Amino acid sequence: MKAIALTRYLPIENPESLVDVQLDKPTPQGRDILVEVKAIGVNPVDVKVRAPKDAIEKAPRVLGWDAAGVVQVVGPEVSGFKAGDRVFYAGDITRPGSNSEFQLVDERIVGHMPQSLSFEQAAALPLTTITAWEALFERLHVPPAATASAKSILIIGGAGGVGSIAIQLAVKVAGLKVIATASRPESEKWVRELGAQHVINHFGDLPAQLKQEGFDNVDYVLILNDTDRHFPAAAAAVAPQGMICTIVENAAPLDVSLLKAKSAGFIWEFMFTRSMFQTADMQQQGNLLDQVARLIDNQVIVTTVNQVLSPINAANLRQAHATLEGGRAIGKIVLKDFS
Ligand SMILES: NC(=O)c1ccc[n+]([C@@H]2O[C@H](COP(=O)([O-])OP(=O)(O)OC[C@H]3O[C@@H](n4cnc5c(N)ncnc54)[C@H](OP(=O)(O)O)[C@@H]3O)[C@@H](O)[C@H]2O)c1
């Protein structure tokens, strides 16, 4: 089967950083399904895993943690899928990724694709949707119904892949008042179109800008970029007894004592936790993808794809990585079709 892989960790300008290879097609065991991959999403995690270092892989390493495709064969213990089903999923960071014509994935972290979407529209969603859903409804404990209308959330990094779906879930599913951050006219336009009622600039003074927008504080803060820079402002902006969630690693220690007087909470979201630790509730990721597929098909929320490259090959994947490395992507970049 065709795949895109690396054996060395090189700058993305180097044509050897990601190369086209031929690999053996795997066979599903246990609860795995074998998926014929039709489209892949590209995420900052791909760039972080590929980042230059001295290590050398003995066998080609396949990255990629977002796919939409068709089930070809199911393992002997699979109960939720059959050959021919259209699926979308992020997969497991500890296993070979989706940048290959065929991929094995545990059925518990797979969703049935929205019927109204093409493969490339669906491939934009899984990783960011799992992240945003878990952050909002499982880490921050936002009620998942339109009962929270008096409550507010600051989403820092609103126009990126995760922000684009988080804004929609916060507004359309939870009924929160959303203040999103964006630093450019085009990213501001994007977050407003997705439903953000207020937009402020993440390179400015966030608490001061919130006040200008009429918010003394916010009930929730979701940090989707540069935790080191934004944590103190999040601590200043969060309401007494409010909650902060971040999805981005910090480089320096975070001063959680800033939250003590407010009895405010701080929590991480890492969307690979369930698959990495094989938690008893792994199936929840498949369930939430199915729920989001229904929200898409019922036109409550929309796909976040913004750029589609074709075919799926090393040259186009290097281009997508280079764009993400720039840190200014709006929505999602997707690649479709292996030939
Ligand atoms: N923990 C997890 O499970 C998890 C899951 C997914 C992603 N992540 C991480 O979350 C981060 C965001 O992912 P993503 O897919 O949304 O990335 P992305 O699509 O590459 O994000 C691009 C956006 O980031 C904004 N941005 C750039 N610098 C910023 C800053 N200093 N502060 C706030 N926003 C800034 C830009 O907005 P402007 O153009 O308006 O400046 C741009 O629209 C990445 O570090 C990724 O690795 C973690």
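Couple of notes before you dig in:
- Its residue count N sets the reference 2.2 N^0.38 Å, and the alpha-carbon radius of gyration of the chain equals 0.98 times that reference.
- Antiparallel DSSP beta bridges within the chain, as percent of all bridges there, nearest 5: 55 percent
- Helix-only [θ]222 nm of the chain, DSSP H runs n ≥ 4, -39500 (n - 2.57) each, per residue, nearest 500: -7000 deg cm²/dmol
- Residue-level accessible surface for residue 8, protein heavy atoms, 1.4 Å, Å²: 100 Å²
- For residue 265, nonlocal amide neighbours, meaning residues 5 or more places apart or on other chains whose placed amide H falls under 5 Å from its own, are 242, 243, 244.
- Stokes-Einstein translational diffusion, the stretch 137-247 - Kirkwood Rh over all Cα pairs, 0.692 mPa s, 37 °C, in µm²/s: 245 µm²/s
- Bridge type composition, the stretch 52-193 - antiparallel percent by DSSP, nearest 5: 65 percent
- The local environment of residue 72, defined by Cβ-Cβ distances under 11 Å, has a net charge of -1 under the rule Lys, Arg +1 and Asp, Glu -1.
- Karplus (6.51, -1.76, 1.60) ³J(HN,Hα), θ = phi - 60°, over the stretch 52-62, in Hz, Gly and Pro reported as x: x, 7, 7, 4, 10, 8, 6, 10, x, 9, 9
- Highest-first arrangement of 59-70, 303-314, 125-136, where packing means the average Cβ count within 10 Å: 125-136, 59-70, 303-314
- Couplings 3J(HN,Hα) for the stretch 123-130, derived from phi with the Karplus relation 6.51 cos²θ - 1.76 cosθ + 1.60 (θ = phi - 60°), are 5, 5, 9, x, 4, 5, 5, 4 Hz, where x marks Gly and Pro.
- Here each label is just a point 7 Å from Cα along the line to Cβ, and for residue 276 and residue 116 those points are 3.5 nm apart.
- For residue 66, the amide hydrogen comes within under 5 Å of the amide hydrogens of 41, 98, counting only partners 5 or more places away or on other chains and with H modelled in the peptide plane.
- For the stretch 129-268, relative contact order (Cα pairs under 8 Å, six or more residues apart, normalised by length) works out to 21 percent.
- Each Lys and Arg contributes +1 and each Asp and Glu -1, all at the Cβ; summed about the Cα centre of the stretch 129-268, the dipole is approximately 280 debye.
- When peptides 155-162, 115-122, 183-190, 77-84 are sorted by average Cβ neighbour count within 10 Å, with the highest value leading, the order is 155-162, 115-122, 183-190, 77-84.
The values are calculated or read from the model by the stated rules, or taken from the named source; none is laboratory data. Computed from a prediction, not measured in an experiment: that's the story for all the values here. Using ideal geometry, Cβ is built from the backbone for each residue, glycine included, and neighbour counts are taken over all protein chains shown. Please note that ligands, DNA and RNA were not included when accessible areas were found on the heavy atoms of the full protein model with its side chains. Shrake-Rupley method; radii C 1.70, N 1.55, O 1.52, S 1.80 Å.
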